[in-house]
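Asks: If you scroll down you'll find the structure; I have some questions about it.
The values are calculated or read from the model by the stated rules, or taken from the named source; none is laboratory data. Here the structure is a predicted model, which is why all the values come from computation and not from measurement. Cβ sites come from the backbone with ideal geometry, for glycine too, and all protein chains shown count toward neighbours.
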Amino acid sequence: MLSIPHSRPTLGEEELQAIAPVLRSGFIAQGAQVATFEAELAKRLGVRGGVATSSGTAALHLALLALGIGRGDEVLLPSYASSALLHAVWAAHATPRPVDCDPRSFNLDPEAAKRACSPRAKALIVVHSFGLPAELEDLQPLGLPLIEAAAQALGASFKGKPVGSFGEAAVFSFYATKLITTGEGGMLLSNDERVLAAGRDLRAYDQKEDALPRLNYKMTDLEAALGLAQLKKLPQFLRRRDEIATRYRERLSALPLEQPLRFPGRIFYRYVVKGPGRADPSLARLQALGVEARRPVFRPLHRYLGLEGFPGAEEAWERAVSLPLYPSLSDEEAEQVIRTAWEVFG
Ligand SMILES: *Cc1c(COP(=O)(O)O)cnc(C)c1O
């Protein structure tokens, strides 16, 4: 029996047709396709513009630099999140300051963020974990520039407004298994022309008059063509994800599992449940029965920094189990996930 992967990109003939003319044209580095991809995503979010990059981490690094964050500055970030956040803050020579999460929503706890706020805090990175919008209204009064790490919530909205349009900057990733993919890739988006201009300038080193340090974080036209084809499919991707999530909820709700929170405007990037005990034994049994479930966060960030006192992030990390959920997951595969979940948790 073939096991069901935890994640997998959803690609088709349209993607091949989108990249073939770019390849034939010979213009394969950053060019017109990148500009179109930036404009299309900015339009979709209702923001001024975008700066496409080689990865989400690169976009996050650019966002910090564009906001003037550097040595001596603290950046608040959720502890229960991708370590990409930590690396971007380190790359900017700033100091990461993890904040505990609400183990029910998996998102940043606004009260904990308030407590972590010091005069040295210069920005807050917020993640919309697994597609659930963070408590944006409770975070804005902190008065810190907000960077939305929105990679897991493309297409989600908070009170009717697209996620990714709230902060001073938003960052997306188009890694192979994100909501849409370019293989590797990312984008910084903002309403602030100065942030966009700084991002564009710092993204490329060539033909500069001054001697400021810059990077090579550019996206290629081949990747952008792929991204444009994927962006067209985003509505159908989100519908299919929602369909599978609804099926899981209906069929798994009798199990002793905490189901993902429902919230208007949320989308389903991951279907994350919490069992009564530690995730490890359940993960091993799911795996042995042919379902690749995962811990959705590899390790909470406070642990990398040797810090203690993050009970919410610890609970989320110990208990969370992410079940396979992606548009190319078939109905039969979803049924196999459900049957297997009953064997393990029933
Ligand atoms: C995937 C992801 C990143 C990192 O993006 P890469 O393209 O892998 O560098 C950062 N933040 C969040 C919330 C992500 O989901």
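Asks: How about the stretch 127-138: which of its residues are among the acidic types (Asp, Glu) and outside any helix (DSSP H, G or I)?
Replies: Within the stretch 127-138, 135 is the sole residue that qualifies.
Asks: On the basis of being out of contact with any Pro (no Cβ under 7 Å at 6 or more places or on another chain) and in a loop (DSSP other than H, G, I, E, B), does residue 255 make the cut?
Replies: yes
Asks: Still on this model: Under the condition of being among the acidic types (Asp, Glu) and modelled with pLDDT of 95 or more, which residue from the stretch 136-178 is surrounded by the fewest Cβ atoms within 10 Å (Cβ to Cβ)?
Replies: 168
Asks: So residue 260 ticks every box in (1) of a type outside the set (A, V, I, L, M, F, W, C); (2) in contact with a Phe, Trp or Tyr (Cβ under 7 Å, 6 or more places away or on another chain); (3) under 24 Å from residue 85 (Cβ atoms); (4) part of a helix (DSSP H, G or I) but one. Which box is left unticked?
Replies: It is condition (4) that residue 260 fails.
Asks: Also: So residue 4 ticks every box in (1) modelled with pLDDT of 95 or more; (2) more than 16 Å from residue 203 (Cβ to Cβ); (3) surrounded by fewer than 21 Cβ atoms within 10 Å (Cβ to Cβ) but one. Which box is left unticked?
Replies: Checking residue 4 against (1) modelled with pLDDT of 95 or more; (2) more than 16 Å from residue 203 (Cβ to Cβ); (3) surrounded by fewer than 21 Cβ atoms within 10 Å (Cβ to Cβ), the one that fails is (3).
Asks: Find the strands (runs of 3 or more DSSP E) located wholly in the stretch 44-126 whose residues include 1 or more that are away from the ligand (no atom under 15 Å from the Cβ) and closer than 30 Å to residue 228 by Cα, and list them.
Replies: Strands (runs of 3 or more DSSP E) meeting the threshold: 49-53.
Asks: Considering only the stretch 7-24, state which residues are among the small types (Gly, Ala, Ser) and either loosely packed, with under 13 Cβ neighbours inside 10 Å or within 22 Å of the chain's Cα centre (by Cα) (or both).
Replies: Result: 7, 12, 20.
Asks: Moving to a separate point now. Look through 314, 292, 258 and report the one residue that is free of Cβ contacts under 8 Å to residues at least 40 places away in the same chain and acidic (Asp, Glu).
Replies: Exactly one of 314, 292, 258 is free of Cβ contacts under 8 Å to residues at least 40 places away in the same chain and acidic (Asp, Glu), namely 314.
Asks: Can you name the number of the only condition in (1) in contact with a strand residue (DSSP E or B) (Cβ under 7 Å, 6 or more places away or on another chain); (2) in a loop (DSSP other than H, G, I, E, B); (3) not hydrophobic (A, V, I, L, M, F, W, C) that residue 308 fails?
Replies: (1) is the only condition that residue 308 fails.
Asks: When you scan the stretch 254-269, do you find a residue that is touching a helix residue (DSSP H, G or I) at 6+ places or on another chain (Cβ under 7 Å), within 16 Å of the ligand (Cβ to nearest atom) and of a type in the set (Lys, Arg), even just one?
Replies: Yes, the stretch 254-269 contains at least one residue that is touching a helix residue (DSSP H, G or I) at 6+ places or on another chain (Cβ under 7 Å), within 16 Å of the ligand (Cβ to nearest atom) and of a type in the set (Lys, Arg).
One line per residue, one yes/no per condition, for (1) modelled with pLDDT of 95 or more; (2) hydroxyl-bearing (Ser, Thr, Tyr):
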position	(1), (2)
265	yes, no
277	no, no
281	yes, no
288	yes, no
299	yes, no
330	yes, yes
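Asks: Those residues that are charged (D, E, K, R), in contact (Cβ under 8 Å) with a residue 60 or more places away in the chain and more than 16 Å from the ligand (Cβ to nearest atom), I need them from the stretch 171-202; list them, please.
Replies: 192, 193, 194, 200
Asks: Okay, moving on. I need the full set of residues from the stretch 10-43 which are under 30 Å from residue 169 (Cα atoms), in contact with a Lys or Arg (Cβ under 8 Å, 6 or more places away or on another chain) and not in a loop (DSSP other than H, G, I, E, B), in order please.
Replies: Of everything in the stretch 10-43, those that are under 30 Å from residue 169 (Cα atoms), in contact with a Lys or Arg (Cβ under 8 Å, 6 or more places away or on another chain) and not in a loop (DSSP other than H, G, I, E, B) turn out to be 34, 42.
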